[in-house]
Amino acid sequence: MFAMTRIVAAFVVALLVFATPARAIEGGPAPYDNDLQRLAEILGALQYLRTLCGANEGQKWKNEMQSLIDAETASGDRRARIVASYNRGYRGFQQTYRSCTPAADIAIRRYLSEGARIARDITARYAN
């Protein structure tokens with residue numbers, strides 16, 4: 001369980017560092033938009049799965065998603081795509097899992113790891 005806490009902490013730190021990436025050219029996509037959409041999908045999945053598995057984190061991952069949107073100042077179609085990715089991640093697991101299972105725990109660990117990697121990669125490549 002301590003390892004899970006460390007992974008969650010690393011993921012959150014990576015998201016906070018990510019909060020200042022290079023912005024997209026006005027009206028155009030950012031070079032990291034696909035990664036950003038994947039990260040949003042992971043946040044949605046984590047919000048559902050961590051709550052389902054009794055993490056008692058409240059709206060933590062939803063709040064992280066809002067911070068990501070705020071940092072990106074995403075609006076219009078770009079914002080809609082990011083939000084749709086979050087909702088897809090949440091609803092996909094909502095339709096599959098009704099209780100916490102060993103498979104859900106594995107999915108959580110994998111998503112925490114993948115999300116932290118994506119956040120680190122984006123930060124390393126595009127942060128100011």
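Computed from the coordinates by the stated procedures, all read-outs in this text should not be read as laboratory data. This one's a predicted model, so the numbers in the text were calculated from it and none came from an experiment. Counting neighbours? That spans all protein chains shown, and the Cβs are built from the backbone with ideal geometry, glycine included.
Just a few scattered comments:
- Ranked by the mean number of other Cβ atoms within 10 Å of their residues, highest first, the peptides 40-48, 112-120 come out as 40-48, 112-120.
- Available extension along the chain between Gln94 and Ala124 is 7.5 nm, counting 0.36 nm per residue and deducting the alpha carbon span.
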